[in-house]
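Trainee: Structure below; questions to follow.
The values are calculated or read from the model by the stated rules, or taken from the named source; none is laboratory data. Computed from a prediction, not measured in an experiment: that's the story for all the values here. When we count neighbours, we look across all protein chains shown, and the Cβ atoms used for this are built from the backbone with ideal geometry, even at glycine.
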Amino acid sequence: MMNSLPTKHISLSDYKRIINEIKDNRGVDLSKYTIPILKRRMEIFYENRFSYVSIHKFLNRLLNKDDIFESFLNFITMPTTEMFRDPIFWKIFRDRTIKAIQRDTSHLKIWVPQINSADDELITIAIVLYELNLFDNVEIVATSPFSVVLKAYKESIYIPQKKFIISNDNYLIYNDLGNFGDYFVKNGEYYVLKNFLLKNIKFEKFDFIDDIQTEKFNLIFFRNRMLFFNLELYNLALEKVNHALDRNGYLIIGYNETLERWQGSVNYMCIEKGENIFRKKLIE
């Protein structure tokens with residue numbers, strides 16, 4: 001388990017060198033992420049996985065080992081969570097948000113940006129929709145700026161036993177009549193996600209810095225995706241999310257996130273204040 005308080009220090013100059021080398025050699029630009037938070041998570045990853053090697057060797061492994069680089073990206077850019085985290089939110093999402101969208105349209109189209117490998121929120125969304133018998137009538141687009149993350153979905157998705165147990169407890173609060181284990185096959189110390197949950201999900205590369213989303217969605221699930229964005233990337237991402245969201249569409253962000261620093265926030269009204277579920281106003 002990764003410690004929350006790193007003792008392995010990475011200097012600012014080494015941090016910048018790592019960011020630049022990753023951009024030049026891996027084509028991944030992390031320069032728009034908040035430095036103090038990203039640097040701290042980088043130090044935690046370094047301490048727990050490679051504290052016995054030099055910074056130079058640590059960087060070399062990031063640049064030349066795909067599995068290490070994938071783990072690194074997942075850890076530094078996305079907090080480790082579990083499926084059905086905040087079960088009350090998922091009940092509201094199921095019982096209010098989805099039903100409200102269904103009153104407006106018969107076709108549900110969802111965008112989930114900034115996914116990571118074995119993305120807990122994406123898997124949870126798929127299970128919710130499957131249990132509502134909507135899975136065959138919904139289109140989900142899941143994107144990441146990182147090719148190494150998207151590549152993971154071409155293979156089996158493994159969930160560690162500890163995460164499965166915690167997620168199962170969450171699920172039972174959400175749906176005490178269901179069976180979370182129906183969606184996995186046990187394989188030693190891991191649980192493997194059944195492939196049918198991914199069949200209606202389209203995985204695409206999308207970078208908020210360089211790309212424009214040409215499709216339109218009636219729900220964008222952007223929960224806990226902006227935690228590491230600096231102000232420039234925060235504003236840029238929300239402008240592109242706004243462009244992709246249909247009039248009267250729904251935007252979901254994380255509990256600790258806000259739209260208030262973005263000038264476009266005036267075009268949104270919060271319909272579930274405790275859960276940060278917003279609806280785009282008809283007149284922008």
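Trainee: Please determine, by comparing only the residues of segment 102-120 that are touching a strand residue (DSSP E or B) at 6+ places or on another chain (Cβ under 6 Å) and among the hydrophobic types (A, V, I, L, M, F, W, C), which one is farthest from residue 170 (Cα to Cα).
Mentor: Within segment 102-120, the match that is farthest from residue 170 (Cα to Cα) is 108.
Trainee: Let me ask you something else. All but one of (1) assigned by TED's automatic domain parsing to the domain that holds residue 247; (2) in contact with a strand residue (DSSP E or B) (Cβ under 9 Å, 6 or more places away or on another chain); (3) at pLDDT below 95 hold for residue 189; state the number of the condition that does not hold.
Mentor: Against the list (1) assigned by TED's automatic domain parsing to the domain that holds residue 247; (2) in contact with a strand residue (DSSP E or B) (Cβ under 9 Å, 6 or more places away or on another chain); (3) at pLDDT below 95, residue 189 comes up short only on (1).
Trainee: Within segment 155-175, how many residues are acidic (Asp, Glu) and at pLDDT 95 or above? Reasoning before the result, please.
Mentor: Of segment 155-175, the ones acidic (Asp, Glu) are 155, 169.
Next cut, at pLDDT 95 or above only: 169.
Residues in segment 155-175 being acidic (Asp, Glu) and at pLDDT 95 or above: 1 in total.
Results for (1) assigned by TED's automatic domain parsing to the domain that holds residue 99; (2) at pLDDT 95 or above; (3) under 20 Å from residue 129 (Cβ atoms); (4) of a type in the set (A, V, I, L, M, F, W, C), shown as yes or no for each residue.
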residue	(1), (2), (3), (4)
223	yes, no, yes, no
226	yes, no, no, yes
255	yes, no, no, no
274	yes, no, no, no
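Trainee: Go over the candidates 42, 83 one by one and state the one that is under 24 Å from the mean Cα position of the chain (by Cα), outside any helix (DSSP H, G or I), at pLDDT 90 or above and surrounded by 13 or more Cβ atoms within 10 Å (Cβ to Cβ). Spell out the reasoning first.
Mentor: Details: 42 fails: outside any helix (DSSP H, G or I).
One residue alone meets the criteria, 83.
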